[in-house]
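Undergrad: The structure under discussion is supplied below as C-alpha cells; questions concerning it will follow.
None of the figures in this text is laboratory data; all of them are computed from the coordinates on show. Because the structure is a prediction, the values reported are computed rather than measured. With ideal geometry, Cβ positions are generated from the backbone for all residues, glycine too; neighbour counts draw on all protein chains shown.
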C-alpha cells in the first residue's frame with residue numbers, strides 16, 4: 001500500500017526538484033525497487049508516519065531502476081536505502097554502523113523512525129551536517 005500512495009520521483013530532475021524546493025522541511029527519499037519486499041515493508045512504515053511528520057518532513061520514494069542517475073553518486077547498492085536532505089544539503093546520521101550517509105536496512109518501528117526524522121530535522125535546523133541517531137544500531141546490524 002505504501003509504495004503506491006507515497007509520491008514517486010520519476011526522473012533525476014524530479015529528485016533534484018524535491019530536494020531543492022523544500023526550504024523548511026526535511027526531505028526523506030527512499031531509494032530502492034518498488035517491487036522489492038524490503039522496500040514494500042519500509043514504504044508501509046513511511047506511509048503510516050507520513051501524516052504525523054508532514055509538518056517537518058516530506059517523504060518520497062524513488063525506484064533506482066527507473067532513475068539510475070544517483071546510484072553511483074549515493075552508492076545505492078542496497079535493496080532499500082533512506083537518505084535525508086535539508087535545504088539542498090545531504091544530511092548524515094551516525095547510526096553506529098559506520099555508514100553515516102544513509103539508513104540501509106528496513107526499520108519497521110514507526111516511533112523509532114519518527115525519532116530519527118525529528119533528530120535529523122533538529123540538527124539540520126541548527127546547521128549541523130552530521131547528527132547522532134537517538135539509538136545505536138551497531139550491535140543489531142553487523143556488516
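Undergrad: Pairs of Cα atoms under 8 Å, at least six residues apart: use those to get the relative contact order of the chain, whole percent.
TA: For the chain, the relative contact order is 27 percent.
Undergrad: A further question on this structure: Using a Gaussian network model of the chain with C-alpha springs under 10 Å, which one of 118, 22, 75 is most mobile by mean-square fluctuation?
TA: 75
Undergrad: Grab the Cα-Cα distance for residue 75 and residue 118, subtract it from 0.36 nm times how many residues apart they are, and report the gain in nm with one decimal.
TA: In short, 13.0 nm is gained.
Undergrad: Something else: Send over the Kirkwood Rh of segment 2-132, from the inverse of the averaged 1/r over different Cα pairs, rounded to one decimal Å.
TA: So the Kirkwood estimate lands at 14.5 Å.
Undergrad: Which distance in nm do the two modelled labels at residue 13 and residue 111 give, with both placed 7 Å along the Cα-to-Cβ direction?
TA: 4.4 nm
Undergrad: Using 7 Å Cα-to-Cβ label points, what is the residue 89/residue 125 separation (nm, one decimal)?
TA: Taking the two extended label points, one gets 1.5 nm.
Undergrad: Let me ask something else about it. Can you tell me how much longer the chain between residue 138 and residue 55 gets when fully stretched, taken as 0.36 nm per residue apart minus their C-alpha distance, in nm with one decimal?
TA: Full-extension gain reported as 26.9 nm.
Undergrad: Same structure, new question: Which residue fluctuates most in the GNM of the chain (Cα springs below 10 Å): 84, 56, 95?
TA: Highest fluctuation among the options: 56.
Undergrad: Show that you can apply the helix-only estimate: for the chain, add -39,500 (n - 2.57) for every DSSP H stretch of four or more residues, divide by all residues, and state [θ] at 222 nm to the nearest 500.
TA: Rounded to the nearest 500, the figure is -10000 deg cm²/dmol.
Undergrad: On full extension of the chain, what length is gained from residue 5 through residue 33, given 0.36 nm per residue of separation minus the C-alpha to C-alpha distance?
TA: 8.6 nm
Undergrad: In which sequence would 125, 87, 30, 25 go, from the one with the fewest C-beta neighbours within 10 Å to the one with the most?
TA: Starting with the residue having the fewest Cβ neighbours, the order is 125, 87, 25, 30.
Undergrad: Ok, one more. Order of 119, 139, 81 from fewest to most other C-beta atoms within 10 Å?
TA: 139, 119, 81
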